[in-house]
Amino acid sequence: MAQAVSIHEKNPFKAKTISQLLIKFSAPAVAGMFVNAIYNIISRIYVGQDVGANGLAGITILFPLGLIYMGFSALIGVGSNALFSIRLGEKKEDEAQLILGNAFVLLAITSGLITLLSYLFLDPFLGFLGADSEVLPYARAYAQVVLPGYFLFAIGVGMNNFIRSSGHPKTAMGTQFIGAFINIALGPIYIFVFHWGIKGAAAATVTGQVISFTWILLFFTGQRSFYRLRWKYFRLKWHIAVNSMAIGFSQFAFQLASGTLNVILNHSLLKYGGNLAISAVGIAVSVNTLVLMPLIGISQGAQPLIGYNYGARKYSTAIQTLKMAMRWGIVVTTCGFILLEVFARPIASAFNSNDTALVDLAARVIRLFNILLPIIPLQIMTTSFFQAINKPLKAAFLSLSRQVLLVIPLVLILPLFWGLTGVFLAPVFADAISTSIAIKMISDFFHKHGQNFFFSKRPAPKRVTA
């Protein structure tokens, strides 16, 4: 039967150089992540121009909740996908199908529970996130509409990893493009034509996520994918759930710690700079994603290649893939650093050109937040590498070293000496330390496998084992 051709009979991981494979898998991911970063920025520009600084603060306040969704999506989606890629390399296709089905069910359950709890305890939760009486109405209005979109987004992001790993990176890109373009197109209609304000921004996001999720569901239930969602694979298997979550735990911990950090950050910003500081940081973070999302796209493209080759015991190829991804990432972030440092003020003014105080502060935060952008790929790629080769403890340590062990204490300590500037500098100090730790860990790994640091192409000796 023509449709019963497995991925190994037309293997997307073979017959190409490392650079060709990395382009094939990363380019669509980079494009998709970049478009998502663009729509995130444009959505905030719409809100900033129509609602103002308090509207931007309301969206920023809700950011930690989005990270919680992303955390559980990563716990299951990233972890299951790494296991999925390894099983493909081992040619265990039936188990790969089972991992896919289990991942979908677990994503739906966890996302559904988060959404239900968020609705039940919305106002207390928003207060906990840092919303004061001035910003609370805006945050509540946005959350009430956007939560179903978050639910579908978490499932979609988790499942999109499988689309990419099963050899369809362009389709994975398409799912991100669809949601982003619909959001960008409907945002001004809902906000400025229908006069829905901040609820219009949320409604545009939900509409985009509904259509994007439908695209993913049609892919995994149709004829295009050899690996499909079938009822017989929906029965949860304890060993798959545990192993998947063990691999994805580092990303989960990273997102959860990021959410915790953002809560503490919101309260510190409110204390030392008021809602204006929260709005300025919201602008800076959304601009920062414009550079980080393509970097994460390269990481996502490299991960299935690393996992597949590691599963196939091609350790040198897995390592060379990481090195190339690091080099490409550094090029991206260095270019982003230059652009953001030079054009920080024009970028900030796009969000609300009439509010001079907001533009001044946002431009300052953009420049401070991105000082260490050129070296960030070393940290992100190293964490992704340890995930892909099923080293969850090392990946978790790298994720947590920045968010929990470094940034949170720094956010609490530095403002005691430097006030609001100390809040802004805390992530910068943390990036410097955590990147140094990542360099040490990956250098030790390379040395163990007969490799120099990431610019070397010297192959590992054949005697090396896992």
Item to check | Enumeration of residues in segment 50-59 that are in a helix (DSSP H, G or I), open to solvent by 10 Å² or more (accessible area, probe 1.4 Å) and under 14 Å from VAL135 (Cα atoms) | outcome: ALA53, ASN54, ILE59
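Do the conditions hold for THR205, that is, is it farther than 30 Å from LEU398 by Cα, assigned to a helix (DSSP H, G or I), without any contact (Cβ under 8 Å) to a residue 12 or more places away in the chain and not acidic (Asp, Glu)? Let's see the steps before the verdict.
Details: farther than 30 Å from LEU398 by Cα: yes; assigned to a helix (DSSP H, G or I): yes; without any contact (Cβ under 8 Å) to a residue 12 or more places away in the chain: no; not acidic (Asp, Glu): yes.
When the stated conditions are applied, THR205 does not pass them.
Filter segment 229-266 for residues that are surrounded by fewer than 16 Cβ atoms within 10 Å (Cβ to Cβ) and either farther than 17 Å from VAL78 by Cα or at pLDDT below 85 (or both) and give the result. Lay out the reasoning, then the answer.
Quick first cut of segment 229-266, residues surrounded by fewer than 16 Cβ atoms within 10 Å (Cβ to Cβ) only: 230-232, 234-239, 242.
ARG230, TRP231, LYS232, PHE234, ARG235, LEU236, LYS237, TRP238, HIS239 - these are the residues of segment 229-266 that are surrounded by fewer than 16 Cβ atoms within 10 Å (Cβ to Cβ) and either farther than 17 Å from VAL78 by Cα or at pLDDT below 85 (or both).
Might you check whether a residue that is in contact with a Pro (Cβ under 6 Å, 6 or more places away or on another chain) and either closer than 30 Å to ARG345 by Cβ or open to solvent by less than 20 Å² (accessible area, probe 1.4 Å) (or both) occurs anywhere in segment 418-428?
So far as segment 418-428 goes, yes, one or more of its residues are in contact with a Pro (Cβ under 6 Å, 6 or more places away or on another chain) and either closer than 30 Å to ARG345 by Cβ or open to solvent by less than 20 Å² (accessible area, probe 1.4 Å) (or both).
Taking ILE296, is it touching a residue at least 12 places away in the same chain (Cβ under 8 Å), surrounded by 24 or more Cβ atoms within 10 Å (Cβ to Cβ) and assigned to a helix (DSSP H, G or I)?
Details: touching a residue at least 12 places away in the same chain (Cβ under 8 Å): yes; surrounded by 24 or more Cβ atoms within 10 Å (Cβ to Cβ): no; assigned to a helix (DSSP H, G or I): yes.
In short, no.
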Checklist entry - Somewhere in segment 166-183, is a residue in contact (Cβ under 8 Å) with a residue 60 or more places away in the chain and either basic (Lys, Arg) or on the phi > 0 side of the Ramachandran plot (or both)? => result yes
Checklist outcome for this item: Note on segment 132-167: residues surrounded by 24 or more Cβ atoms within 10 Å (Cβ to Cβ) and basic (Lys, Arg) are ARG164
Checklist entry - In this structure, is GLY282 modelled with pLDDT under 85, open to solvent by less than 20 Å² (accessible area, probe 1.4 Å) and in a helix (DSSP H, G or I)? => result no
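Which of the residues belonging to segment 69-111 are out of contact with any helix residue (DSSP H, G or I) (no Cβ under 7 Å at 6 or more places or on another chain), touching a residue at least 40 places away in the same chain (Cβ under 8 Å) and in a helix (DSSP H, G or I)? Steps first, answer last, please.
Start the filter on segment 69-111 by keeping residues that are out of contact with any helix residue (DSSP H, G or I) (no Cβ under 7 Å at 6 or more places or on another chain), which leaves 91-94, 105, 109.
Cutting the leftovers down to touching a residue at least 40 places away in the same chain (Cβ under 8 Å) gives us 91, 93, 105.
Of everything in segment 69-111, those that are out of contact with any helix residue (DSSP H, G or I) (no Cβ under 7 Å at 6 or more places or on another chain), touching a residue at least 40 places away in the same chain (Cβ under 8 Å) and in a helix (DSSP H, G or I) turn out to be GLU93, VAL105.
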Next on the checklist: Here's a check for you: in segment 352-411, which residue that is in contact with a helix residue (DSSP H, G or I) (Cβ under 6 Å, 6 or more places away or on another chain) and of a type in the set (Ser, Thr, Tyr) is modelled with the lowest pLDDT?
Outcome noted: SER399
Item to check | PHE194 being at pLDDT 85 or above and open to solvent by 70 Å² or more (accessible area, probe 1.4 Å) | outcome: yes
Item to check | Members of segment 113-123 that are open to solvent by 90 Å² or more (accessible area, probe 1.4 Å) and either modelled with pLDDT under 95 or within 22 Å of the chain's Cα centre (by Cα) (or both) | outcome: LEU113
Checklist outcome for this item: Sole miss for TYR69 among (1) within 26 Å of ASN275 (Cβ to Cβ); (2) open to solvent by 10 Å² or more (accessible area, probe 1.4 Å); (3) of a type outside the set (Lys, Arg); (4) within 17 Å of the chain's Cα centre (by Cα) is condition (2)
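The values are calculated or read from the model by the stated rules, or taken from the named source; none is laboratory data. What you are looking at is a predicted structure, and each value in this text was computed from that prediction instead of being measured. Cβ sites come from the backbone with ideal geometry, for glycine too, and all protein chains shown count toward neighbours. Areas reflect the complete protein model, heavy atoms only, side chains present, ligands, DNA and RNA absent. Shrake-Rupley method; radii C 1.70, N 1.55, O 1.52, S 1.80 Å.
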